[in-house]
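What follows is a single structure, written as structure tokens, with notes after it.
The values are calculated or read from the model by the stated rules, or taken from the named source; none is laboratory data. Source: prediction; values computed, not measured. With ideal geometry, Cβ positions are generated from the backbone for all residues, glycine too; neighbour counts draw on all protein chains shown. Heads up: the accessible areas ignore ligands, DNA and RNA and are worked out on the full protein's heavy atoms, side chains in. Shrake-Rupley method; radii C 1.70, N 1.55, O 1.52, S 1.80 Å.
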Amino acid sequence: MKKAGLKTEGHRVYFTREFIDEMMKKAPKEFKLHARNPEKTVNCNHTDLILTPSYGPPYIYDAQGNRRYSNMEDYDNIVKLTGASENIDHTGGNVCEPIDVPEEYRHLKMLYSHIKNSDKPFMGSAYGVVGASDSVKLAEMLFGGSDVIKKNPVLITLINSITPLKYDDRMLGALMTYAEAGQACLVSSLVMSGSTGPATMAGTMALQNAEILAGICLAQAVNPGTPCIYGSTSGPADMKTLTLSIGTAETALYTAASAQMARYYGVPSRGGGGLNDTKLVDAQAGYESMLTLFAAAASGINYVLHAAGIMQYYTAFSYEKFVMDDEVAGLVRKFLKGYNMDETMFVYDDIKEVGPGGHYLYQASTFELFRQELRSPVLSDRQGWEGWDAEGRKDACTRATEIWQKTLAEYEAPALDEALDREICNFIDTRIKELM
């Protein structure tokens, strides 16, 4: 930053409006994140919606609200559930924190899980320069070299500020490493209104904006044209308990405002998805998650972290919640899809033929079009009381347990070239020895 002409005092940098305007113009308005399966490549822009699973939770909550630490088996399971989902586009990164793997090389095991268990795009590690460098190397092996991924970005990583107005060496190291490699940076701020930031919503947005712009500008100073996403994850502090609260109207409003700010600066945006503050997959989990995901989707957020499975302000993952959020995502996508107003969809001939008092069950158009037009639920129960009673009066959480267990039992990971798989595993084994 000093080399770029900005005033610095020790570790503090003083940005100017002119510098920010200059750097933000260098950030691309849209870009792709390429997948191992080209059909699953996603578009980062101001129109598409990219959904990813949970990020970073150290705990797993079961259907009864019992808590345990997450492990590597959980990590693999979450990636597989994401790979099987028709609504979740991107397997994310750090989907839980596998505490049974030593921290020194945990990022390598997590990256391999994404490579092996899905062919959707995935995130790089944010574990400083080491994690970022290993991520880039693995991506080069998987996709065909440094020139290939620099031209066609495959990785995005979460770069978080430390509110107020700080970045640590781990985040800065990762950001600069990814920028040098031409990979995308998801620059995000989490301001806790009333705690780490002002109690006012306008003040919170101002503080968040400063932190995000600082990160994006650094990426452009390192490598002009580095793909970046403007990311919000802010929420209010609950002033009774002083804990973060994210299943709130304030969080939804911060998300919507962030989408507008990103459009103003001309970069894609990130917001929260199925956010909530509860410990059970209950009504609170449902209404808070629907509010926050719908706010993100309707306001034009492009990249959604925590779209499926997150519990209690980012601290836990629930398998049942993943299934519920997957259903919510399907509902939201259907809403965003809207109407097909093609002339043939008005079926005027059928309306004339059926006339008053008839029905459309036997019309050819019903059989031809109902799957295309009418979404069928995966989790939600729509049968009558008698059918529900005969099946044991199962609630949504019970049905969700059955669905995730069946999904994992039947899941087959996409094929990965055996020679490439061995090369990747050999690299990981070598790095583990070096890091230990």
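Only one of these is farther than 24 Å from ILE78 by Cα and out of contact with any Cys (no Cβ under 6 Å at 6 or more places or on another chain): VAL328, VAL347, VAL323, VAL304. Name it. Let's see the steps before the verdict.
Details: VAL328 fails: farther than 24 Å from ILE78 by Cα; VAL323 fails: farther than 24 Å from ILE78 by Cα; VAL304 fails: farther than 24 Å from ILE78 by Cα.
The conditions single out VAL347.
Among the residues of the stretch 20-33, is there at least one that is β-branched (Val, Ile, Thr) and surrounded by fewer than 17 Cβ atoms within 10 Å (Cβ to Cβ)?
No, that holds for no residue.
For the stretch 316-345, a residue qualifies if it is more than 20 Å from SER376 (Cβ to Cβ) and either surrounded by fewer than 17 Cβ atoms within 10 Å (Cβ to Cβ) or of a type in the set (A, V, I, L, M) (or both), and the qualifying residues are ALA316, MET341, ASP342, GLU343, THR344. No other residue among LEU175, LEU186, LEU190 is in contact with a Lys or Arg (Cβ under 6 Å, 6 or more places away or on another chain), among the hydrophobic types (A, V, I, L, M, F, W, C) and touching a residue at least 24 places away in the same chain (Cβ under 8 Å) apart from LEU186. Of all residues assigned to the stretch 151-159, none qualifies as being within 21 Å of LEU305 (Cα to Cα), among the basic types (Lys, Arg) and open to solvent by 20 Å² or more (accessible area, probe 1.4 Å). Considering every residue within the stretch 368-379, establish whether at least one is in a helix (DSSP H, G or I), touching an Asp or Glu at 6+ places or on another chain (Cβ under 8 Å), open to solvent by less than 50 Å² (accessible area, probe 1.4 Å) and at pLDDT 95 or above. Among the residues of the stretch 368-379, not one is in a helix (DSSP H, G or I), touching an Asp or Glu at 6+ places or on another chain (Cβ under 8 Å), open to solvent by less than 50 Å² (accessible area, probe 1.4 Å) and at pLDDT 95 or above, which makes the answer no.
All of ALA132, ALA181 fail the test of being buried (at least 20 other Cβ atoms within 10 Å of the Cβ) and touching a strand residue (DSSP E or B) at 6+ places or on another chain (Cβ under 9 Å), apart from ALA132. Counting only residues that are within 21 Å of VAL328 (Cα to Cα), open to solvent by 20 Å² or more (accessible area, probe 1.4 Å) and in contact (Cβ under 8 Å) with a residue 40 or more places away in the chain, the stretch 249-285 holds 8 of them.
At pLDDT 95 or above, closer than 25 Å to ALA4 by Cα and not aromatic (Phe, Trp, Tyr): is that true of ALA214 in this structure?
Yes, satisfied.
Within the stretch 63-82, residues that are within 10 Å of HIS114 (Cα to Cα) have Cβ atoms under 7 Å from residues that are open to solvent by 40 Å² or more (accessible area, probe 1.4 Å) and of a type outside the set (A, V, I, L, M) in these pairs: LYS80/TYR411, counting only partners at least 6 apart in sequence or on another chain. Within the set TYR167, TYR105, TYR112, TYR127, the sole residue that is in contact (Cβ under 8 Å) with a residue 12 or more places away in the chain, crowded, with 17+ Cβ neighbours inside 10 Å and over 22 Å from the mean Cα position of the chain (by Cα) turns out to be TYR105. Looking across the stretch 189-242, the residues that are buried (at least 24 other Cβ atoms within 10 Å of the Cβ), touching a Pro at 6+ places or on another chain (Cβ under 9 Å) and hydroxyl-bearing (Ser, Thr, Tyr) come down to SER193, THR204, THR226, TYR230.
If I go through the stretch 380-398 residue by residue, how many of them are open to solvent by less than 70 Å² (accessible area, probe 1.4 Å) and either touching a Cys at 6+ places or on another chain (Cβ under 8 Å) or closer than 15 Å to GLU327 by Cβ (or both)? Number satisfying all stated conditions: 6. Please tell me if ASP134 is more than 20 Å from the chain's Cα centre (by Cα), under 30 Å from ASP169 (Cα atoms) and part of a helix (DSSP H, G or I). So ASP134 fits the description; yes.
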